[in-house]
Structure formats: structure tokens, C-alpha cells
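Enquirer: Below you'll find the structure I mean.
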Amino acid sequence: MRKIIFCASLMAFSACNTYAQSTVTLYGRVSSGLDFVTNVATPNGQSKNNFRFGSDQYGYSWFGLTGNEDLGGGLHAVFKLESLFTSGTGQTPPNTIFTRDAYVGLSADKYGSIWFGEAMSLTDETGWYIDPLGEQVGIGVGNFAFGRAWGPRSNVVTYNSPNWAGFSFRVQDGFGNKAGNFRGGRQFSVSAQYTLTSFAAYGVYEEVRDTNGKYSSLYAASREYMAGATYTLGGLKFYTGYQQLVSSGQDTVADTFNPSAATRSQQEWIGASYQASPALSVQAAWYHGNVNHGGGTGNLGAVGTTYNLSKRTFLYLTVGAMFNGKSAAFPVETADSQPLPGHNQQGGYFGIMHYF
């Protein structure tokens, strides 16, 4: 009996080995620090300063698993599972897990790759390439769009082309999964990039529809256009970019971030980063935003720096100032702590980031 059990166990182990992934990697990062924001609007109509613990201002914390199985003939099976969490509380967003990626697919060097499942948006990737501050959550390219470009897209099929002499493209098509309403909750986007030795150009178009299939929210259900370029000269890298959001005039509904029911938001920026030494990097940028229908204008100036303590750990510091027009209430940090309309706002955060 013992021999039978031993043989059965050995056979099961061998079968598991036969179907095991060639490589499975656990990875992630943790970011924590302190944050300060001035002139935060309060419910009673006043402005107060806020000194707080900073979990995500420089960038979100996350952990994930990624796998790659060699199927032979240059074909690979791939998967990725990646989840956000808040370092200050140790919690994931409510009722969610694997909020960034949850896909499986196939990859081939000659033909590119195709993924099925939740994946990060193409607008998120493009913004990271062309933002001088590296698309920080607190201060950067997301401020005048309230993070419209960020995050994952659910129920999507994503195709990633090979690189042809510096050119590549991606296509992402999302399904709303609503009976009798194919457009409801749908998403579609396409991006392209071209890179040379020192120059790189990027562009992306995305449309996100509401549950009724309409473009009813400037910062949530709308069309987005983004383009930009970078040029590297030694340790100095220059950035420029443009972003436009467009919703439907007859369908747009006013909300907290868009009280005037504006239908168009435009943003331009320039900036540079400088690698002063292998450990020290400095970034600076100027962003301008303009919203129609009385949404107002704003200008954001920002400076940041990072210092590498090792290959996996660095310190960060970013400060910025938002100058709002008469009717504008753009925040100095993207997603929260708006000022009163027409009020300027300053903010900054510092902390530590570790990759594992």
C-alpha cells in the first residue's frame, strides 16, 4: 500500500511539473512618505491647510505575479496579476483585488502579443512616457484631467505589435457586457510610438462610454487625445505634450470635478529632467490647462528630485504650485483636496520608494 501511495504521489508531482509555468515572478513596490497641501476647501466654505501621511502621492504601491511558459516555436503563454494597496493602511481598494492587471494571453517575437482580461490603459502608458515628472499621482500630467488617463480597463482584448525599426503600436478594445446595448460601458483605444537614438514620439486616442453608451462625463466617459515627444541630450531630457478631453454637448452632466458641465478640456506642458549623477535626478515642468463653458484656466509649476540609495530603493521630493483663474478649482495634487474656485494652491511630498 505504501508503494502504491508513493508511486501515485510521484506521478502527481510529475504531472504538475509537466504543466507548470516555465517562470513565475513575484514583484512589487512600496511607497510611503509625508504630504502637505495648502488652501484645501472645507464643507463650510473655508480654506485650510492639510499636513498628512502620504501613501500614494509619488506613485501607487502594488504587488503582482507574472508568468511565462515556453510553448515552443517562439510562442509563449503569458499572464499577469497585479493589485494596488495603500501603504498607510495596508488595505486594497474596496471590494477589489488585481486592480491593475488580470490577463492571460499569447506572445510571439515575430507577431507581438495578445492579452485577454483587465489591463492598464494605453493612455496611462503614454502619459508616463511624456510627463517630465513620470506621471506621479500627486503632481504632474494628470492634474488638469483629474487622472482621466490613468488606471486599468476591464473586459478588454489588448494587442501589442512587435517593434519595426523603432515603430510599434497597440490596440485595446473593451466590452461593456450589457445585453441589448453593445455600446454601453465600452472602451476603445489605439496608441503608437516611434523611437530613434535620442528622439521619441508618442500618440494615443481613447474613447470611454458610460453605461448608456454615451460620452456624458468630461473626466470619466469621454474621448481623449494625447501626443508628445522627448529628446535626450547627454544627461538632459526634454519633454513636451498635449492632451484634450471631449464629451458630448447634449449628454454631458455636471459633477464635482466639472460643475459647469464643460465639454472640452485642453492641456499643454513642457519640461526637462537631468541625471546629475548615477544617484541624483532632477525634474522640472510647467503645465497649462483650459476648460470651456466657464471651467476656467490654470497653470501648474513643479520641481522634483529623486536620490537612489540602491538599485531598488530611492528617496523622492516633489513640490508644486497651482495658479487658478477666476472660476477654476484645479488641485495641486490630482485626485483630491481641491481649492475654492479662483484660489491658488501649493503642495509637496517626500518619502521613500522600494522595489522588490
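Enquirer: Probe radius 1.4 Å, ligands and nucleic acids left out: which of Arg183, Arg209 has the largest accessible area, and how do the rest follow?
Expert: So, going from the largest accessible area down, we get Arg183, Arg209.
Enquirer: Set the Förster radius R0 to 25 Å, insert the Cβ-Cβ distance between Tyr355 and Thr86 as r into 1/(1 + (r/R0)^6), and round the FRET efficiency to 0.05.
Expert: 0.90
Enquirer: Quote the accessible area belonging to Met353 in square angstrom, nearest 10, computed with a 1.4 Å probe and with ligands, DNA and RNA left uncounted.
Expert: We get 0 Å² for Met353.
Enquirer: Additional query: Roll a 1.4 Å probe over the protein chains and send me the accessible area per residue for the chain in Å². Display every interim value, and only then the final one.
Expert: Values: 17590 Å² over 356 residues.
Ligands and nucleic acids excluded, the result is 49 Å² per residue.
Enquirer: Okay, moving on. How many percent of the accessible area of the chain is carbon or sulfur, using a 1.4 Å probe?
Expert: Numbers: 10880 of 17590 Å².
Taking all protein chains in place, the chain shows 62 percent carbon and sulfur surface.
Enquirer: Note down the net charge around Gln193, summing +1 for each Lys or Arg and -1 for each Asp or Glu among other residues with Cβ under 11 Å from its Cβ. Write down the numbers at each step before the final one.
Expert: Working: positive: Arg170; negative: Glu125.
Net charge in that neighbourhood comes out at 0.
Enquirer: Using only the heavy atoms of the protein chains and a 1.4 Å probe, how would Trp269, Trp286 rank by accessible area, largest first?
Expert: In descending accessible area the options line up as Trp286, Trp269.
Enquirer: Based on alpha-carbon centroids, what's the gap between segment 270-329 and segment 73-125 in Å, whole number please?
Expert: With segment 270-329 and segment 73-125 each reduced to a Cα centre, they are spaced 28 Å.
Enquirer: Show that you can apply the helix-only estimate: for the chain, add -39,500 (n - 2.57) for every DSSP H stretch of four or more residues, divide by all residues, and state [θ] at 222 nm to the nearest 500.
Expert: Values: 2 runs with 26 residues, N = 356.
Rounded to the nearest 500, the figure is -2500 deg cm²/dmol.
Enquirer: Calculate I(q)/I(0) for segment 246-287 by the Debye formula, one identical point scatterer on each C-alpha and no solvent, and give its log10 at q = 0.16, 0.24, 0.27, 0.28 Å⁻¹ to two decimals.
Expert: Calculated log10 I(q)/I(0) at the listed q: -0.60, -0.82, -0.91, -0.94.
Enquirer: While we're here: Could you state the angle between the C-alpha long axis of helix 2-18 and the longest principal axis of the C-alpha atoms of the chain, as a value from 0 to 90 degrees rounded to the nearest 10?
Expert: That works out to roughly 50 degrees.
Enquirer: Over 20 Å, how big is the tail of the calculated P(r) for segment 227-356, in percent of all Cα pairs?
Expert: Working: 4626 of 8385 pairs.
Every Cα pair in segment 227-356 considered, those over 20 Å come to 55 percent.
Enquirer: Okay, next question. With r as the distance between the Cβ atoms of Ala279 and Asp173 and R0 = 30 Å, compute the FRET efficiency 1/(1 + (r/R0)^6) and round to 0.05.
Expert: Calculated transfer efficiency: 0.10.
Enquirer: Given charges of +1 on the Cβ of Lys and Arg and -1 on the Cβ of Asp and Glu, with all other atoms neutral, how large is the dipole of segment 236-356 about its Cα centre, in debye to the nearest 20?
Expert: Dipole magnitude for segment 236-356 comes out near 400 debye.
Enquirer: Toward the positive end of the charge dipole of the chain, about the Cα centre and with charges on Cβ (Lys, Arg +1; Asp, Glu -1), which of Ser32, Ala220, Gly105 goes farthest?
Expert: Gly105
Enquirer: Right, next: Please report, in whole Å, how far the alpha carbons of segment 215-280 spread along each principal axis, starting with the longest.
Expert: 52, 20, 15
Enquirer: What net charge is computed for the residues neighbouring Gly73, neighbours being all others with C-beta under 15 Å from the C-beta of Gly73, Lys and Arg scored +1, Asp and Glu -1? Numbers along the way, then the final one.
Expert: Working: positive: Lys110; negative: Glu69, Asp70, Asp109.
Combined, the nearby Lys, Arg, Asp and Glu give -2.
Enquirer: For Asp109 and Asn95 in one chain, what is 0.36 nm times their gap in residues minus the Cα-Cα distance, to one decimal in nm?
Expert: Length gained between Asp109 and Asn95: 1.3 nm.
Enquirer: How do Val282, Val208 stack up against each other in accessible area, from largest to smallest, with a 1.4 angstrom probe?
Expert: Heavy-atom accessible area, descending, gives Val282, Val208.
Enquirer: Also, quick follow-up: Using alpha-carbon pairs under 8 Å, 6+ residues apart, how would you state the relative contact order of the chain in percent? Show your work: numbers first, answer last.
Expert: Working: 983 pairs, mean separation 52.3, N = 356.
Once divided by the residue count of the chain, the mean separation gives 15 percent.
Enquirer: Moving on to the next point. Enter the accessible area of Arg312 (Å², nearest 10), with the probe set to 1.4 Å and all protein chains included.
Expert: Roughly 130 Å² of Arg312 is accessible to a 1.4 Å probe.
Enquirer: Excluding residues fewer than 8 places away in the same chain, name every one of the lysines whose C-alpha is closer than 26 Å to that of Lys110.
Expert: Hits, sequence-local ones excluded: Lys80.
Enquirer: Quote the Stokes-Einstein diffusion coefficient, in whole µm² s⁻¹, for segment 71-157, based on the Kirkwood radius over alpha carbon pairs, a temperature of 25 °C and a viscosity of 0.890 mPa s.
Expert: Values: Rh = 14.8 Å.
Answer from the Stokes-Einstein relation: 166 µm²/s.
The values are calculated or read from the model by the stated rules, or taken from the named source; none is laboratory data. Computed from a prediction, not measured in an experiment: that's the story for all the values here. Neighbour counts are summed over all protein chains in view; Cβ atoms, including those assigned to glycine, are modelled from backbone coordinates with ideal geometry. Accessible surface is based on the protein model in full, side chains and every heavy atom, while ligands, DNA and RNA are left aside. Shrake-Rupley method; radii C 1.70, N 1.55, O 1.52, S 1.80 Å.
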